[in-house]
Amino acid sequence: MSDNRVPVTILGATGMVGQRAVQLLADHPWFKVGHLAASPRSAGKPYREACRWHLPGAPHGGVGDQPIVACDADVLTALDGPGLALSALPGSVARQVEIPLAERGWAVVSNASAHRMDPRVPLIIPEVNAAHLDLVAQQPWEGALVTNPNCTSMPLVLAVTPLHRAVGIEAFTAASYQAVSGAGYPGESAWDLIGNVRPHPGDEEVKMASEPAKILGDLVDGAIRNAPFTGSARCVRVPVADGHLVAVHARARRPISPEEASDLIRAWDGGGLDLPSSPRPVLRMTDLRDRPQPRFDADEGGGMAVTIGRVEPCPVMGLKLFCLAHNTVRGAAGAALLNAELLHARGLTPS
């Protein structure tokens, strides 16, 4: 593998999503791990000491001896100048770091929720709305800032995109069954989850209801015009390691049969993209009545595919289905990496 690969700085490298980013970069054809950035209390420590590794495979992604640097825009810029950064920071910290980096010329690809609904910032799933990347040219910073959606919005949007493009979605309701890895480590208490299903205590439902309209909207006169549909969501945490399962009920502008919906999903080409992290096909259909399941389907397409099943008529909304995605890969680190590939392919990363 060429070591002319582009170095990528990982912001929040010690957390679960940061660890996934390190793991995904280990064998990436375009990118490699650059700096590992985390909180000041970790700065100066080797990655293996600052990070308790929680993933299978090579511990610490093969970069355990690399020192942590402070997650600070001035510190990072002083090291090598502006570069490409993947942000796995919590939302509150991201607000303090991501825009200052973009102001200094960095291309920042964020998994954090802090700027997703900022009208200046595109919320991108490359297979769905790569055209929204044009918004970067109007951003007031020397660099760029793009985001990927919430881990539950991701499978929902990918599953309904072929239907929305063909017949138009007017409304949806969704219920998510979310894996514990989405809460990071140590995450939620085992006392809350063993033998239990817990209504999500955070703001997942707001994100899941609001983000799809921005993603499936149109870029008109330099601004995103949200898609004209409404959504409502309920989210729960379940005792599963990886993989968010989402039950979707959708109302289309005209009646659509399960057979037509399934044909549209199978025929969808994922925007015709040719990026390393975008699998073929992006959407995987199953005809088994008890699938998709996290244990068996979360790792499809290297964790980047979405599995869809039980496409059936709904007497209330018209159509219902289940969709499943790996929450820390397609729903987080892999999504950010794919957005970084899109930026790089469009010549929008610092040289």
Under 8 Å by Cβ, and 6 or more places apart or on different chains, what pairs join a residue from the stretch 32-54 that is within 18 Å of residue 17 (Cβ to Cβ) with one that is of a type in the set (Phe, Trp, Tyr) and crowded, with 21+ Cβ neighbours inside 10 Å?
36/47
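Taking the stretch 223-239 as the region of interest, how many residues are among the hydrophobic types (A, V, I, L, M, F, W, C) and open to solvent by 40 Å² or more (accessible area, probe 1.4 Å)?
First pass over the stretch 223-239, keeping only residues among the hydrophobic types (A, V, I, L, M, F, W, C): 223-224, 227, 229, 233, 235-236, 238.
Those left that are additionally open to solvent by 40 Å² or more (accessible area, probe 1.4 Å): 223.
Looking only at that region, the number is 1.
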Which one of these does residue 150 not meet: (1) over 30 Å from residue 267 (Cα atoms); (2) part of a loop (DSSP other than H, G, I, E, B)?
(1)
Residue that is outside any strand (DSSP E or B) and open to solvent by 60 Å² or more (accessible area, probe 1.4 Å), where the choices are 263, 242
263
Return the pair list, or none, for Cβ contacts closer than 9 Å from residues in the stretch 216-232 that are more than 15 Å from residue 160 (Cα to Cα) and touching a residue at least 12 places away in the same chain (Cβ under 8 Å) to residues that are acidic (Asp, Glu) and part of a strand (DSSP E or B), at least 6 apart or on different chains.
224/218; 226/218
Taking the residues in the stretch 89-131 that are assigned to a helix (DSSP H, G or I) and of a type in the set (Asp, Glu) as candidates, determine which candidate is nearest to residue 216 (Cα to Cα).
127
Look through the stretch 96-116, keep the residues that are open to solvent by 20 Å² or more (accessible area, probe 1.4 Å) and more than 18 Å from the chain's Cα centre (by Cα), and return whichever of them is farthest from residue 203 (Cα to Cα).
104
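Just need a number here: residues in the stretch 254-306 that are aromatic (Phe, Trp, Tyr) and more than 24 Å from residue 171 (Cβ to Cβ). Please lay out each step first, then the result.
Within the stretch 254-306, the first condition is being aromatic (Phe, Trp, Tyr), and the residues that meet it are 268, 296.
Applying the additional criterion that residues be more than 24 Å from residue 171 (Cβ to Cβ) yields 296.
Residues that pass the stated criteria total 1.
Here's a check for you: in the stretch 117-134, which residue that is under 14 Å from residue 339 (Cα atoms) and of a type in the set (A, V, I, L, M, F, W, C) is surrounded by the fewest Cβ atoms within 10 Å (Cβ to Cβ)? Talk me through it step by step, then tell me what you get.
First, pick out the residues of the stretch 117-134 that are under 14 Å from residue 339 (Cα atoms): 121-134.
Of the ones still in play, those that are also of a type in the set (A, V, I, L, M, F, W, C) are 121, 123-125, 128, 130-131, 133.
Values: 121: 25, 123: 25, 124: 27, 125: 26, 128: 25, 130: 19, 131: 12, 133: 20.
In this case the residue turns out to be 131.
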I'm trying to understand the selection: among the residues of the stretch 278-312, which are within 20 Å of residue 152 (Cβ to Cβ) and basic (Lys, Arg)?
284, 291, 295, 310
Filter result (surrounded by fewer than 23 Cβ atoms within 10 Å (Cβ to Cβ) and under 29 Å from residue 339 (Cβ atoms)) within the stretch 283-296
284, 285, 286, 291, 293, 294, 295, 296
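Let me confirm something: among 61, 44, 91, which residue is more than 30 Å from residue 159 (Cα to Cα), surrounded by fewer than 23 Cβ atoms within 10 Å (Cβ to Cβ) and not hydroxyl-bearing (Ser, Thr, Tyr)? Break it down into steps so the answer makes sense when it comes.
Numbers: 61 fails: surrounded by fewer than 23 Cβ atoms within 10 Å (Cβ to Cβ); 91 fails: more than 30 Å from residue 159 (Cα to Cα).
Step by step, each of 61, 44, 91 is checked, and only 44 is more than 30 Å from residue 159 (Cα to Cα), surrounded by fewer than 23 Cβ atoms within 10 Å (Cβ to Cβ) and not hydroxyl-bearing (Ser, Thr, Tyr).
How about the stretch 170-222: which of its residues are of a type in the set (Val, Ile, Thr) and either surrounded by fewer than 17 Cβ atoms within 10 Å (Cβ to Cβ) or in contact with a Gly (Cβ under 9 Å, 6 or more places away or on another chain) (or both)?
Going residue by residue through the stretch 170-222, those that are of a type in the set (Val, Ile, Thr) are 173, 180, 194, 197, 206, 215, 220.
Of everything in the stretch 170-222, those that are of a type in the set (Val, Ile, Thr) and either surrounded by fewer than 17 Cβ atoms within 10 Å (Cβ to Cβ) or in contact with a Gly (Cβ under 9 Å, 6 or more places away or on another chain) (or both) turn out to be 173, 180, 194, 197, 206, 220.
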Log entry, pairs with first residue in the stretch 14-28 being outside any loop (DSSP other than H, G, I, E, B), second being among the charged types (D, E, K, R), beta carbons closer than 8 Å, six or more apart or on different chains, reads 25/32
Could you tell me which numbered condition residue 272 fails, if it satisfies all but one of (1) without any contact (Cβ under 8 Å) to a residue 12 or more places away in the chain; (2) open to solvent by 70 Å² or more (accessible area, probe 1.4 Å)?
(2)
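I need the full set of residues from the stretch 1-13 which are open to solvent by less than 50 Å² (accessible area, probe 1.4 Å) and either part of a strand (DSSP E or B) or closer than 20 Å to residue 279 by Cβ (or both), in order please. Let's see the steps before the verdict.
Pass one, the stretch 1-13, residues open to solvent by less than 50 Å² (accessible area, probe 1.4 Å): 5-6, 8-13.
Answer for the stretch 1-13, where residues must be open to solvent by less than 50 Å² (accessible area, probe 1.4 Å) and either part of a strand (DSSP E or B) or closer than 20 Å to residue 279 by Cβ (or both): 6, 8, 9, 10, 11.
In the stretch 45-69, which residue that is outside any helix (DSSP H, G or I) and in contact with a Leu (Cβ under 8 Å, 6 or more places away or on another chain) is nearest to residue 143 (Cα to Cα)?
Applying the first criterion (outside any helix (DSSP H, G or I)) to the stretch 45-69 yields 45-46, 51-58, 63-69.
When the remaining residues are screened for being in contact with a Leu (Cβ under 8 Å, 6 or more places away or on another chain), the result is 63, 66-69.
On the way: 63: 27, 66: 26, 67: 26, 68: 24, 69: 21 Å.
That would be 69.
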Tell me the residue from 70, 43, 37, 21 that is in contact with a strand residue (DSSP E or B) (Cβ under 6 Å, 6 or more places away or on another chain), among the small types (Gly, Ala, Ser) and farther than 28 Å from residue 278 by Cβ, please.
43
Note down all Cβ pairs under 6 Å where the first residue falls in the stretch 187-209 and is modelled with pLDDT of 90 or more and among the acidic types (Asp, Glu), the second is exposed (fewer than 12 other Cβ atoms within 10 Å of the Cβ) and outside any loop (DSSP other than H, G, I, E, B), and they're at least six residues apart or on different chains.
none
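The values are calculated or read from the model by the stated rules, or taken from the named source; none is laboratory data. Source: prediction; values computed, not measured. Don't worry about glycine lacking a Cβ; one is built from the backbone with ideal geometry, like all the others, and counts go over all protein chains shown. The area values use the complete protein model at the heavy-atom level, side chains included, leaving out ligands, DNA and RNA. Shrake-Rupley method; radii C 1.70, N 1.55, O 1.52, S 1.80 Å.
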